[in-house]
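The values are calculated or read from the model by the stated rules, or taken from the named source; none is laboratory data. What you see is a predicted model; the values in this text were computed from it and never measured. Here the Cβ positions follow ideal geometry from the backbone for every residue, glycine too, while neighbour counts run over all protein chains shown.
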Amino acid sequence: MARRAIRDTLAHRLGAERTYDLSLLVTELVTNAVVHGRGSITLKIRVDDGNVYGEVIDEGGGFEQEVRERGADEIGGRGLAIVDALSSRWGIHEGTTHVWFELARSEAQTEQVAPRLGDAQRPDALDRPA
C-alpha cells in the first residue's frame, strides 16, 4: 500500500529513479513498523522544492538505534542500512518508533552524515502544510 501510494501520488513530480529510491526507503521503514512495531502505522510524505521529507510512525515503544553490520549469508536486518544509504539525513525520536528522513534533490545531494536522534534534529519542513 505504501509503495503504491508513493507511485500513484509522487511519480509525476519526482521521476522514475527518485520514486524508486523513495519507494525502497519507505518500504524498509514501513516493513520495520509492521514486523517490529505495534498498532496503526502512519506514513507522512511532503515534497518541498524537490526535497522529500517523510516520517513513519507506529504505536510501539522504541527500537535499536544502530545500523547493524550483517554478513552476506544472513537474512534480514539491513533495513536501516538501506535507509542510511538512500537518505540525505534520517533519525529516530528517542524512545519511540517515530522515524523521519530527508531525500535531497539529486543535484543538491551532499555528503551523508551519521543518523541523528531527537526532536532538535527533525526538519522543520515536516511541519509546514502541503
(Q) So, A33, is that one at pLDDT 85 or above and over 22 Å from E94 (Cα atoms) or not? (A) no
Q.
Could you tell me how many of the residues in region 91-104 are part of a strand (DSSP E or B) and more than 13 Å from N51 (Cα to Cα)?
A. 5
Q.
Against the definition (within 17 Å of the chain's Cα centre (by Cα) and either surrounded by 13 or more Cβ atoms within 10 Å (Cβ to Cβ) or modelled with pLDDT of 85 or more (or both)), how does R38 come out, yes or no?
A. no
**Q.** Qualifying position, being modelled with pLDDT under 60, more than 15 Å from L24 (Cα to Cα) and not in a loop (DSSP other than H, G, I, E, B), among E107, E64, E111
**A.** E107
(Q) Is it the case, given these coordinates, that G76 is within 25 Å of R7 (Cα to Cα) and at pLDDT 75 or above? (A) no
Q. Of the residues that make up region 12-31, is at least one in contact (Cβ under 8 Å) with a residue 24 or more places away in the chain, over 24 Å from A81 (Cβ atoms) and surrounded by fewer than 19 Cβ atoms within 10 Å (Cβ to Cβ)?
A. yes
Q | Residues (in a helix (DSSP H, G or I) and either at positive phi or without any contact (Cβ under 8 Å) to a residue 12 or more places away in the chain (or both)) located in region 35-48 | A | V35
